[in-house]
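See structure below.
The values are calculated or read from the model by the stated rules, or taken from the named source; none is laboratory data. Fair warning: this is a prediction, and the values are worked out from it, not measured in the lab. Methodologically, a virtual Cβ is constructed for each residue, glycine included, from the backbone with ideal geometry; neighbour enumeration extends over all protein chains shown. Surface areas here come from the heavy atoms of the whole protein model, side chains and all, with no ligands, DNA or RNA. Shrake-Rupley method; radii C 1.70, N 1.55, O 1.52, S 1.80 Å.
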Amino acid sequence: MKSWLTLKDAAALLDVHTSTLRRWADKGEIPVLVTPGGHRRFSPEDIEQFRDRRHGRRSGQPLEKAWSENAINRTRKELTAASGPSWMSRISEEGRIAHRQLGRQLMGLTLQYLANGEEASHYLEEARLIGEEYGRLNLAQGLPLNQALEAMLFFRDTLMEVALELPKGMKVRPDTTVNMVRRINLLLNEVHLAVARVYQQMV
């Protein structure tokens with residue numbers, strides 16, 4: 001009997017938010033089976049093939065690929081440093097795993113947004129959804145709002161610094177860097193505001 005993946009499991013394999021995979025499926029970019037109850041199911045083979053195609057397309061975007069790889073490497077290095085960020089000490093191992101998963105989703109969303117140059121609205125909506133998940137996760141971990149925002153600013157600073165440093169190693173026009181920073185800012189603003197809204201709703 002053929003095995004099928006749920007929307008959540010398939011999205012996790014692709015390191016994207018469930019709303020991203022739902023949008024791709026609804027646009028016909030990836031095969032999907034809809035059950036009589038309205039649930040989406042995905043073939044593991046289709047997910048693997050789609051992931052390979054996306055990886056191939058992404059490798060053709062040298063600027064965005066370089067930014068993504070440098071940002072991931074710097075984030076890992078700073079998180080594992082002996083003096084790591086103060087908010088990390090308040091997060092359980094389970095919470096750190098969840099943070100990493102959300103971080104991969106956010107990085108993937110940002111990379112899509114930078115590479116595709118499409119209309120921003122659905123990317124911003126997905127950023128809000130990721131921000132809400134960050135907010136709920138940080139609340140569950142007992143982080144006060146200031147430390148939750150500190151965690152978000154840690155990632156934001158890393159992404160921005162890497163974007164600003166790209167011209168040192170690549171032939172990038174200044175206006176290209178400015179546009180990249182502007183788009184990263186636009187996306188991450190939605191994440192941070194969503195985190196704050198989740199906390200505000202608990203007051």
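All but one of (1) within 17 Å of residue 15 (Cα to Cα); (2) at pLDDT 85 or above hold for residue 108, so report the exception by its number.
Residue 108 satisfies all of (1) within 17 Å of residue 15 (Cα to Cα); (2) at pLDDT 85 or above except (2).
Quick grid of which residues meet (1) at pLDDT 85 or above; (2) open to solvent by less than 70 Å² (accessible area, probe 1.4 Å); (3) among the aliphatic types (A, V, I, L, M); (4) on the phi < 0 side of the Ramachandran plot:
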{"site": "6", "(1), (2), (3), (4)": "yes, yes, no, yes"}
{"site": "35", "(1), (2), (3), (4)": "yes, yes, no, yes"}
{"site": "65", "(1), (2), (3), (4)": "no, yes, no, yes"}
{"site": "85", "(1), (2), (3), (4)": "no, yes, no, yes"}
{"site": "91", "(1), (2), (3), (4)": "yes, yes, yes, yes"}
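Kindly list, by first and then second residue, each pair from a residue in segment 11-24 that is without any contact (Cβ under 8 Å) to a residue 40 or more places away in the chain to a residue that is among the acidic types (Asp, Glu), limited to pairs with Cβ atoms under 9 Å and residues at least 6 apart or on different chains.
Within 9 Å, the pairs are 13/48.
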